[in-house]
Amino acid sequence: MIAFVRTEFCLFLSAVQFLTRLPVPGLFAFDHAWLDRSVKYFPLAGVVVGGISAAVLLAASLVWTGPLPALLAVAAGVAATGAFHEDGFADFFDAMGGSTKEKRLAIMTDSRLGTFGVVATVLNLGVKVFALAALPVTVAAAALIAIHAGGRLAVIATMPVLPYAKPVEAGKMKPAGQSVTTRGLAVASVFGLAPLALLPLPLALAGLAAGVAAVLFMGWRAKRLIGGYTGDVLGAFEQSFELAFLLALAACV
């Protein structure tokens, strides 16, 4: 039992290490196999990031009014993850300027950021800030935890459905979680959906419906334009879930 708990805790730390810039104890030597098994804890890592953002929001709200607490909360989430998913969101929209699948994939792997990516990132972060600022502080804090957990669950749920867009020999290793098991998805669903209980039921359902709809739309676009997903596409899925969720909540309050 102790060995099982230690293993699962190490898998959780592996998820935190992969998805964030937070310091993680060196309990094991990094192995890609560990990372692949840790996917089920991605939403729990999202709870940690969301909790940090929510704490910043609540603390800042004691000092400032207006959109500043929301801005600081969003900035805290970006800092905690190193803009991990925001980078994928920007690259995805940059790639949409390509005329063929091959050109889009090439643009997506280019380290330089183009106009589409910059505009998409600015609008994404700006809309999140103002959507959060439109919510009561306690609701906004709960929403931050819910979107960070739910967005990462959306990523896990889409991987078994969409094909991987790049050929294996293209260079980079495929994203973790290529073989998401039913048990792993069930565990991830618990961590990804549980924070919804922090919100009033109508808001939770509205946000979840909007987030799922956004991810489905982005998945359809990715399948049509590049043939499936890449790591950057998964980041775009996560950010789309967060954005749509917050927009739905702001429309309902």
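The values are calculated or read from the model by the stated rules, or taken from the named source; none is laboratory data. None of the values given here were measured: they were computed from a predicted structure. All Cβ positions, even for glycine, are placed from backbone atoms using ideal geometry, and neighbour counts span all protein chains on display. Please note that ligands, DNA and RNA were not included when accessible areas were found on the heavy atoms of the full protein model with its side chains. Shrake-Rupley method; radii C 1.70, N 1.55, O 1.52, S 1.80 Å.
Cβ-Cβ under 7 Å, sequence separation 6+ or interchain: first residue in the range 116-130 and in contact (Cβ under 8 Å) with a residue 12 or more places away in the chain, partner aromatic (Phe, Trp, Tyr). Which pairs?
So the pair list comes out as Phe116/Phe93; Gly117/Phe93; Ala120/Phe89; Ala120/Phe93; Thr121/Phe89; Asn124/Phe89.
Step by step: first the residues of the range 58-105, then only those that are small (Gly, Ala, Ser) and open to solvent by 60 Å² or more (accessible area, probe 1.4 Å), then the one that is nearest to the chain's Cα centre (by Cα). Which residue is that?
Going through the qualifying residues, I end up with Ala79.
Which one of Ala120, Ala55 is more than 30 Å from Gly228 (Cα to Cα), among the small types (Gly, Ala, Ser) and either assigned to a helix (DSSP H, G or I) or open to solvent by 20 Å² or more (accessible area, probe 1.4 Å) (or both)?
Of the residues listed, the single one that is more than 30 Å from Gly228 (Cα to Cα), among the small types (Gly, Ala, Ser) and either assigned to a helix (DSSP H, G or I) or open to solvent by 20 Å² or more (accessible area, probe 1.4 Å) (or both) is Ala55.
Name every residue in the range 211-234 that is part of a helix (DSSP H, G or I) and open to solvent by less than 30 Å² (accessible area, probe 1.4 Å), in order of residue number. Give the steps one after another, and end with the answer.
Filtering the range 211-234 down to residues part of a helix (DSSP H, G or I) leaves 211-226, 231-234.
Once the filter is applied, which keeps residues that are part of a helix (DSSP H, G or I) and open to solvent by less than 30 Å² (accessible area, probe 1.4 Å), the range 211-234 yields Gly211, Ala214, Val215, Met218, Gly219, Ala222, Leu225, Ile226, Val233, Leu234.
If the Cβ limit is 9 Å and pairs must be 6+ apart or interchain, which residue in the range 72-100 that is at pLDDT below 95 pairs with which residue that is surrounded by fewer than 23 Cβ atoms within 10 Å (Cβ to Cβ) and among the aromatic types (Phe, Trp, Tyr)?
Note: pairs meeting the criteria are Phe84/Phe18; Ala90/Phe116; Phe93/Phe116; Asp94/Phe116; Ala95/Phe116; Met96/Phe116; Gly97/Phe116.
Going by the structure shown, is Ala251 at pLDDT 95 or above, open to solvent by 70 Å² or more (accessible area, probe 1.4 Å), of a type in the set (A, V, I, L, M, F, W, C) and assigned to a helix (DSSP H, G or I)?
yes
Restricting attention to the range 157-188, which residues are farther than 22 Å from Arg224 by Cβ and at pLDDT 70 or above?
Across the range 157-188, the qualifying residues are Val180, Thr181, Thr182, Arg183, Gly184, Leu185, Ala186, Val187, Ala188.
Considering Leu113, Leu132, Leu153, which residue is open to solvent by 30 Å² or more (accessible area, probe 1.4 Å) and either out of contact with any strand residue (DSSP E or B) (no Cβ under 7 Å at 6 or more places or on another chain) or not in a helix (DSSP H, G or I) (or both)?
Testing whether each residue is open to solvent by 30 Å² or more (accessible area, probe 1.4 Å) and either out of contact with any strand residue (DSSP E or B) (no Cβ under 7 Å at 6 or more places or on another chain) or not in a helix (DSSP H, G or I) (or both) leaves just Leu113.
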